[in-house]
Amino acid sequence: MTHKPTDVGRNRTGSGTSPLDTKKTAEGATASMPQRSFEMPTATKLRVDICGQSEPVGTMPPPTSLKGAAATVLQKLKGKNANVLLDLLGQRLAFERTGVRLYEALLAKYDAASLHDEGIAREDIENIRDEELEHFGVLVDVMRQLGADPTAVTPAADVTAVASSGILKVLADPRTTFTECLDAMMIAELADNAAWLVLADLAARVGLDEAASKFRKALGEEEQHLAKVQHWLIARIDGQLGVERTLPAPAPSMPPPPG
Amino acid sequence: MALDILKERGVPLDRQKFTWREMAGPPFSKLNDDAYTRVRTILMNGIESEALRFSHAAARMNRDLQLPLATVRRVEQHQQTMVNWLNPPDQSPLDTTIGFEQVAIEVTASVAQSEPDPYLAQVYRYGMLEDFDHMYRYAALMDRVEGRDANDLLQGYTDIRAGRPTSVEHRAPEDDLRTPYDRTKAAPITKLNATTIMAAEHQTHDFYMTVGPTYADPVGRMLYAEIASIEEQHVTQYESIIDPSETWLEKWLMHEATEVYNYWSCVQGEGNPRVKAIWERFLDYELGHLHFVMELMKRVEKRDPTQLLPSTLPDPIRYESQRDFVRQTLAGEVDLRAVGTKFVRGQESQATLRYRDQLNSEGSPSEMIAEGYRWAPGTELADRVEFERSEGRIQ
């Protein structure tokens, strides 16, 4: 890479690079629409109508087993809609599985990057990748115990994959830098932290104590992932900006949240 | 720089080679490259796509030509790949859509001015004003659904304002056919122009049919459906201006000449040295294809291909802002309508009116998305923030 994205170059977007042409475009736009409106009521009404009439992206798959351990565990959920929990488990499973691939892509960026004295060790990234894989495995086990199919795509898994598809594109694009990828990973880790918190809390409240315990452990590790990614990102930005700051390293371990 | 296509033989077919890595090479920069680099990339992808489309149709109708067609077509496949893969992954389908409409406006405007046949020049101006309106509608979609500015892609070269309203562009098929040029009398540039614009419009249609259903917003999905339908009409219009009595080999020869002419035009205007090298390389490849087909024509049809080709290429397509020409056309011709093969004012066929009323009877997406829409630098939200401040509703 001969240029850094923060170098001044020939970015041609924006009206500043073509002020005369842009002025002509704006004059033409005004001439053709003298009475403008910021509202589009017909389109807005159509959207509301269609949103109200649309079916969801999909529904939950039928359980694979209602016998043995699954039946015992689901007894604890009696009177509650187990599918809500299963949908969230499916969502987390898919996110963690993709998370492994995200960190593999980040490792390629790391190997290609010009690193300075920022205290970013390759094995730290490898450890996070391995923990994402471990979390995926935890979710596979819990879903099987609940009689759910861990290979199915639940609706929440699908919608979250759409929401996070941009993160994957950033990591996969050879033109993006290690720093830009850390920024994208921070979005992933922030979302992941919030989701594990909800999942651990939910499992505890419906009486899935063993699962809740595993989820709290995963949450503690995810908090570490976020802290590390933020720390690395700030170190990179500070280095590029040319400012010095003494950052406390992320704590070696975070206490699990109460519950 | 003049190019004698009868003397210049380019690269022979057996030396036209590729690797996967070079075909999927580095893309252009959406932010840094000139908008006309994207325009040329999109157009040349369309030209190569037409080369494959024509070649397959010809193979289905000509057993004896199947091997030579397949041999050239394999190279065209890899040329199209290398060209199309210049589009960068951060360029969304809607970004590329804005690029397609910029092609349809800027290239068609240049072609309309170089066309010596006044009727065909009118055909190009007519189609151009319709694509000009599509740009306005898609820019409104980009602004009002995604909060992004189409001018960041257009770089100020192309106006964003209403043309002939898309909602009135829907016509019955009999009003989309035009009178073809006469192959025995038409100037070479007339044939090159027709194949170029037909190819561009066909690829535009195919692109919208591919990406339209991937757009999530319901109004956007409808808008892609509506404009894809107009692009189908445009393909109908532009393929009808080509003399259908040309033989298959004559059409193949003119396709290859069109590819030579277009790559040569791209070479003249390209500022990105890496992309320019691709245009130069493929100009040489296309000269190789042209001479290969010239030999076939001599052997199979016992005809002299030099009677059909210009020795020197006409002036290249001009890759520069056509704003003044477009505005002049807009002012003088926006109210034209097509009835049969003619362009008239103040009347339309009953067939077209019935067809259009049916399609628009549950609402018009192109009208809905652009209701009261006026483009402003930095999106209409840049104007709205000033307005809301002046009203004291925000600080």
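The values are calculated or read from the model by the stated rules, or taken from the named source; none is laboratory data. Owing to the predicted nature of the structure, the values given are computational and were not obtained by experimental measurement. All Cβ positions, glycine included, derive from the backbone under ideal geometry; neighbour counts span all protein chains shown.
Brief remarks follow.
- Criterion (farther than 17 Å from residue B:108 by Cα, of a type in the set (Ser, Thr, Tyr) and surrounded by 16 or more Cβ atoms within 10 Å (Cβ to Cβ)) met by exactly one of B:306, B:341: B:341
- In region B:351-395, residue farthest from the other protein chains (Cβ to nearest Cβ) [restricted to those that are exposed (fewer than 14 other Cβ atoms within 10 Å of the Cβ) and acidic (Asp, Glu)]: B:357
- Output for region A:40-67, where each listed residue is within 7 Å of chain B (Cβ to nearest Cβ) and assigned to a loop (DSSP other than H, G, I, E, B): A:40
- Just one of the listed residues (B:128, B:142, B:135, B:82) is crowded, with 19+ Cβ neighbours inside 10 Å, more than 22 Å from residue B:212 (Cα to Cα) and of a type in the set (A, V, I, L, M), and it is B:82.
- For region B:173-186, the criterion of a residue being part of a helix (DSSP H, G or I) and under 18 Å from the mean Cα position of the chain (by Cα) is satisfied by no position.
Every residue, every condition in (1) within 19 Å of residue B:301 (Cα to Cα); (2) surrounded by 24 or more Cβ atoms within 10 Å (Cβ to Cβ); (3) acidic (Asp, Glu), yes or no:
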position: B:33; (1), (2), (3): no, no, yes
position: B:43; (1), (2), (3): no, yes, no
position: B:47; (1), (2), (3): no, yes, no
position: B:56; (1), (2), (3): no, no, no
position: B:60; (1), (2), (3): yes, no, no
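- Members of region B:24-69 that are closer than 24 Å to residue B:319 by Cβ, of a type outside the set (D, E, K, R), in a helix (DSSP H, G or I) and touching a Phe, Trp or Tyr at 6+ places or on another chain (Cβ under 8 Å): B:35, B:36, B:37, B:39, B:41, B:42, B:44
- Across region A:1-38, the qualifying residues are those that are of a type in the set (D, E, K, R) and at the interface with chain B (Cβ under 7 Å from one of its Cβ atoms), and the one among them that is farthest from residue B:329 (Cα to Cα) is A:10.
Here is a yes/no grid of residues against (1) part of a helix (DSSP H, G or I); (2) more than 28 Å from residue B:351 (Cβ to Cβ); (3) more than 14 Å from every other protein chain (Cβ to nearest Cβ):
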residue: B:103; (1), (2), (3): yes, yes, yes
residue: B:107; (1), (2), (3): yes, yes, yes
residue: B:127; (1), (2), (3): yes, no, yes
residue: B:141; (1), (2), (3): yes, yes, no
residue: B:145; (1), (2), (3): yes, yes, no
residue: B:164; (1), (2), (3): no, no, no
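The rows are residues; the columns are (1) in a helix (DSSP H, G or I); (2) acidic (Asp, Glu); (3) touching a residue at least 12 places away in the same chain (Cβ under 8 Å).
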position: B:224; (1), (2), (3): yes, no, yes
position: B:255; (1), (2), (3): yes, no, yes
position: B:258; (1), (2), (3): yes, no, yes
position: B:263; (1), (2), (3): yes, no, yes
position: B:271; (1), (2), (3): no, no, yes
position: B:276; (1), (2), (3): yes, no, no
position: B:296; (1), (2), (3): yes, no, yes
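- For region A:211-246, a residue qualifies if it is at pLDDT below 95 and touching a helix residue (DSSP H, G or I) at 6+ places or on another chain (Cβ under 6 Å), and the qualifying residues are A:236, A:245.
- Of the listed requirements (1) surrounded by fewer than 15 Cβ atoms within 10 Å (Cβ to Cβ); (2) away from chain A (no Cβ under 14 Å), residue B:348 misses just one: (1).
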